[in-house]
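Undergrad: Take a look at the following structure, please.
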Amino acid sequence: MSEGRTGNFVVLKFGGTSVSSLERWETIAAVVERRIAEGVKPVIVCSALSGVSNLLENLVDEAAKGRHEELLLELKARHRALAEEMDLSFEVVLGPDFEELERLALGASLVREVSARLHARMLAFGEIMCTRLGAAYLEKTGRGIAWMDARDCLQTACKHTITDRRRFLSATCETEALPGLQEKFRSLAESAILTQGFIARDADGETVLLGRGGSDTSAAYFAAALEARRCEIWTDVPGVFTANPNQVPGARLIRSLDYEEAQEITSTGAKVLHPNCINSLHKSGIPLHVRCTERPELESTTISSAAREGGAYLKAISSKRGVLLISMEDVNMWRQAGFLADVFAPFKHHGLSIDLVSTSETNVTVSLDAAPDALDARTIEALKADLEPLCDVRLIGPCALVSLVGRNIRAILHRIGPALEVFKEKKVYLLSQAASDLNFSAVVDEEEAERLVRKLHDLLIREDAGGRLFGPTWRELHDLKAENAVSGPDAWWRMRRKELLELAKAESPRYIYDTESLERAADELAALASVGRICYAVKANNHPEILGIFESRGLCFECVSIGEIRLLLKLFPQLDRDRILFTPNFAPKSEYAEGLSTGVNVTLDNLYPLQTWPELFKGREIFVRLDPGQGRGHHKHVHTAGAQSKFGVSPLQIEEFAARAAEAGGKVVGLHAHTGSGILTSENWSEEALFLAETAARFPDVRVLDLGGGLGVPEKPGQTPLDLAAVDESLQKIRRAYPQFELWLEPGRFLVAHAGVLLTTVTQTKEKGERRFVGVDAGMNSLVRPMMYGSYHEIVNLSRLEEGPPVVADVVGPICESGDTFGFSRRLDEPREGDVMLVAVAGAYGRAMSSEYNVRPPAGEVMLEKR
Ligand code: LLP
């Protein structure tokens, strides 16, 4: 990377979280020492301790009401705590500053008013006190530096025509080289300089603030003034990401940005940097590096003019909340010269900056930025009043702006179609494509933004992910090995690693099932006091030995096909037929006939069999599956209730169902509902129970309420296990209210998922650009869940468990489909040919859904004996 200036200075800015503890000041000292060793003079620009600027803002408000004492105490406590940590005397280092702050607060409380001028003076103490502590600590530890008051360095461009608020609270400086300042700094004997962000002085010598995010801006002004080699912004994140990592943990670090892209990203929502700062650096051509104080070794984002790429690409999906739309409608505006000038004038008058504009023949809609100091309700009301004589005004909000940022975005727009599916029933208020082709933005309801960002990111960023543009994901950077460990450090397969490696050597790919885990899961469910029967859903895994374990522990079975029933009866000829519940869906008549004659419990989930084959049900007891109205589960393909679902009888048809059943001579003894699969919300089953209990009033012979399966298990990192105790407790309440009914559950996944893993062997590896692939001998024909539902399965290199070096790669199978991928961008201990990879939590719907696709036999199965 070519540096913009060859100057002797480097500006290092440390934000609130980077200056709030002794540990962080040690990092600062270490960084400064490294820079000095580089042969440059570091200029350190600091923010206030984290949270202190907000406390000071509150102090300003409360002082005007005479209620400042408590806040002063809190501010004192914050600074005293750091002073003590640094083994410094608060009184010696900060006594005089704090006394002055107290005097100012007291003065304000007496006049019951805080002028903008006083506001700025009070706020400045945040930065002043922080840097005094920092300087004293560095001095004490033998790393003396020169402390400078930033107000003696930076002077703002003073415009007396603007309001006092803007003059004192969001002032700006010229971005210019200041040879005098360079000379002054150069002549200081100390090898580094410590100063404040956020504050400056105006031509009248008054303290002024540089607006929110002002410390970044200060750093940029200092960099320009000193013609610095570069400006480093040290913060709590390692750089600019392709999306807000709190919303999208798979967001990737952006390696480099040019100034314009950075400007777009930061002004459309990314909070790492303040857009004003980038603008100033752009003007002076000084590169900016973002660094993470907590992890100084991490690679960062670099912003410079050298980062300009050719072609069309996307770098980020950003979003910004708190956007307000103002729709201005006037049927007469068409061809009316000067209309826009007229309606825009009040915006200027109220100091409101318009972000996006959309016009039609009768309507102009604009969006206003939600900069914290920009949108106060009174200003908006005043604006509205000024606009009303000109047109019909409507305020729409709170909205969010979702933006795609990159270059030549027009060329990529066709790919965003599927993401807009989110908006089938939701509104996009405004779409805007920047003429520069640097961004494409949509304004949507605030609560829709996060979903849209995730979808767009999934769709658009991941595809480009291994390229030169992006670094590791947020998740990878945070070394989520522990968080990745869905199965936990004491997972059974860790304890039995050696045996598993041998089993895989003998035959691969292979599913391995752990008997103890199966038994433990069965015992856990058997302990639910509220539940009369646990019917294992055979579809999840029909391995004969697994069925045997559950049979011997007294579980019942839920079957969806006559095949599953025949299998059970073949394995356990003596099995009491009553222990089988048959819940077919659109099965042929013959399956009902066979089920009934075998003597198992049969569930109808349609009127059709009663209407068309009434003779089958004469004198029979039957269950009826109802549609509880709302589906749930880990993916829409496994939601099994609601208007769109093929399952269950609609509650509207209950009367008819009851009448037909009676006509056919059948007796409804059980009601059934199943909302979906992979559910982690504990209320699901009691809600179903209540619904069924209420419907049961229509069926006098009902004695069983079957609440279906769907009990989820943690599959993805960060998922909390289902709270079984809460499920039990809520069902106990139902039992107490409706003691006449027995409650049944029919779990599949819960009983088998964690007990099964898929072992598969590395066949080949590949690198394509920066993307890496690890090929394994199992494919989607052995485990289709990732392909079918985008399911997450933890993957580890069992041969080299935690023996690094880690690499990030996609794990792919040999099947002739691009979707034949078990995991994207997984962090793995570097896999080599012959290594055994373990795909975890694969006991449910793994082998059961496998196929012979591509004439590749699916993975075999082995039961692991108890030890
Ligand atoms: N009862 C009925 C009526 C069902 O349809 C199902 C599952 C269950 C019980 C058991 O659900 P579980 O407790 O296992 O969630 N292949 C998908 C799951 C499909 C579930 C189908 N029905 C997957 O791999 O996630």
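Undergrad: Name the GluC sites (Glu not before Pro) in the stretch 14-65 that are in a loop by DSSP and that have at most 14 other C-beta atoms within 10 Å, would you?
TA: Numbers: sites: GLU23, GLU26, GLU33, GLU38, GLU57, GLU62; in loops: GLU38.
Listed in order of number, the matching sites are GLU38.
Undergrad: How long is the gain from ARG496 to ALA697 if the chain were fully straight, where each residue apart is worth 0.36 nm and the alpha carbon distance is subtracted?
TA: Gain on extension, ARG496 to ALA697, equals 67.1 nm.
Undergrad: For the chain, state what percent of all Cα-Cα pairs lands in each successive 20 Å bin, counting from 0 Å until the bin that includes the largest distance.
TA: 13, 34, 32, 19, 3, 0
Undergrad: Also, I was wondering about something else. Tell me, what % of the accessible area of the chain is carbon and sulfur with a 1.4 angstrom probe?
TA: Answer for the chain is 48 percent, counting heavy atoms of protein chains only.
Undergrad: Here is a follow-up. Counting chymotrypsin sites (Phe, Trp or Tyr not before Pro) as exposed when in a DSSP loop with at most 11 other beta carbons within 10 Å, what is the longest stretch of the chain free of them?
TA: My reading of the result: 1-333 is the longest stretch.
Undergrad: Count charges around THR141 for me, please; just the other residues with Cβ under 10 Å from its Cβ, Lys/Arg as +1, Asp/Glu as -1.
TA: -1
Undergrad: Between SER360 and LYS646, what is the label-to-label distance in nm when each label sits 7 Å out along the Cα-to-Cβ direction?
TA: Computed distance between label sites SER360 and LYS646 equals 4.1 nm.
Undergrad: Treating the beta-carbon of each Lys and Arg as +1 and of each Asp and Glu as -1, no other charges, what is the dipole magnitude of the stretch 162-301 about its Cα centre, to the nearest 20 debye? Don't skip to the answer; put the middle values down first.
TA: On the way: 15 positive and 19 negative charges, 36 e Å.
About 180 debye.
Undergrad: For LEU801 and ASN246 in one chain, what is 0.36 nm times their gap in residues minus the Cα-Cα distance, to one decimal in nm?
TA: Here the answer is 196.9 nm.
Undergrad: Then there's this: Using a 1.4 Å probe, what is the accessible area per residue for the stretch 37-83, in Å²?
TA: I get 40 Å² per residue for this part.
Undergrad: While we're here: Using a/c under 1.5 as the rounded threshold, could you call the stretch 540-688 rounded, prolate or oblate? The axes a ≥ b ≥ c are square roots of the C-alpha gyration tensor eigenvalues, and prolate needs a/b larger than b/c, oblate otherwise. Don't skip to the end; give the middle numbers.
TA: On the way: a/c = 1.95, a/b = 1.07, b/c = 1.82.
Note, shape of the stretch 540-688 comes out oblate.
Undergrad: From the convex hull of the Cα coordinates of the stretch 482-523, what is the mean projected area in square nanometres? Don't skip to the end; give the middle numbers.
TA: Numbers: hull surface 14.9 nm².
The directionally averaged projection comes out at 3.7 nm².
Undergrad: Rounded to the nearest 20 debye, what is the charge dipole size of the chain about its Cα centre when +1 sits on each Lys and Arg Cβ and -1 on each Asp and Glu Cβ?
TA: That gives the chain a dipole magnitude of about 1140 debye.
Undergrad: Here's a follow-up. If you find the alpha carbon centre of the stretch 241-268 and of the stretch 66-112, how far apart are they in angstrom?
TA: 38
Undergrad: Further, regarding this structure: Tell me, what is the FRET efficiency for GLU176 and ALA726 to the nearest 0.05, using R0 = 56 angstrom and their Cβ-Cβ distance as r? Show your work: numbers first, answer last.
TA: Values: r = 64 Å, r/R0 = 1.14.
Efficiency at R0 = 56 Å is approximately 0.30.
Undergrad: Restricting to the chain, compute how many DSSP beta bridges are antiparallel as a %, nearest 5.
TA: About 55 percent, rounded to the nearest 5.
Undergrad: Also, I was wondering about something else. With the dipole of the chain worked out from charges on the C-beta (+1 for Lys and Arg, -1 for Asp and Glu) around the Cα centre, which of PRO739, SER50, VAL323 lies farthest toward the positive end?
TA: Sorting the options by dipole projection puts first VAL323.
Undergrad: Once you sort the root eigenvalues of the Cα gyration tensor of the stretch 78-154 as a ≥ b ≥ c, which label holds: rounded (a/c under 1.5), prolate (a/b larger than b/c) or oblate (the other case)?
TA: Cα axes put the stretch 78-154 in the oblate bin.
Undergrad: Between GLU190 and LYS636, what is the spin-label point distance in nm, taking each point 7 Å from the Cα along the Cα→C-beta axis?
TA: 6.1
Undergrad: Using Cα centres only, tell me the gap between the stretch 40-61 and the stretch 742-814 in whole Å.
TA: With the stretch 40-61 and the stretch 742-814 each reduced to a Cα centre, they are spaced 47 Å.
Undergrad: Quick one: Cα centre-to-centre distance for the stretch 183-228 and the stretch 501-548, in angstrom?
TA: After rounding, the separation between the Cα centres reads 66 Å.
Undergrad: Trypsin sites (Lys or Arg not before Pro), restricted to the stretch 535-571: which are DSSP loop and have at most 16 other Cβ atoms within 10 Å?
TA: Passing sites in the stretch 535-571 are ARG553.
Undergrad: Here is a further query. How charged is the neighbourhood of ARG103? Take every other residue with its Cβ under 13 Å from the Cβ of ARG103, and add Lys/Arg as +1 and Asp/Glu as -1.
TA: Neighbour charge sum, excluding ARG103 itself: -3.
Undergrad: Using the Cβ atoms and a cut-off under 15 Å, what net charge is assigned to the surroundings of VAL19, where Lys and Arg are +1 and Asp and Glu are -1?
TA: Net charge around VAL19: -3.
Undergrad: With a cut-off of at most 16 other beta carbons within 10 Å, and DSSP calling the residue loop, which GluC sites (Glu not before Pro) in the stretch 492-544 qualify? Please list them.
TA: Sites meeting the loop and neighbour criteria: GLU507.
Undergrad: Only four residue types carry charge here, +1 at the Cβ of Lys and Arg and -1 at the Cβ of Asp and Glu. Report the dipole size of the stretch 698-816 about the Cα centre in Debye, rounded to the nearest 20.
TA: The calculation lands at about 260 debye.
Undergrad: Which helices, taking whole DSSP H runs in the chain, have alpha carbons extending 27 angstrom or more along the helix axis plus mean Kyte-Doolittle at least -0.5?
TA: TM-like helix candidates: 90-111, 116-140.
Undergrad: A further question on this structure: In terms of the Cα gyration tensor, with a ≥ b ≥ c the square roots of its eigenvalues, is the stretch 160-246 rounded because a/c is under 1.5, prolate because a/b exceeds b/c, or oblate?
TA: Taking the square roots of the gyration eigenvalues as a ≥ b ≥ c, the stretch 160-246 is oblate.
The values are calculated or read from the model by the stated rules, or taken from the named source; none is laboratory data. Everything numeric here is computed off the predicted structure, so don't read it as measured data. All Cβ positions, even for glycine, are placed from backbone atoms using ideal geometry, and neighbour counts span all protein chains on display. To get the accessible areas, we keep the full protein, side chains included, count just its heavy atoms, and leave off ligands, DNA and RNA. Shrake-Rupley method; radii C 1.70, N 1.55, O 1.52, S 1.80 Å.
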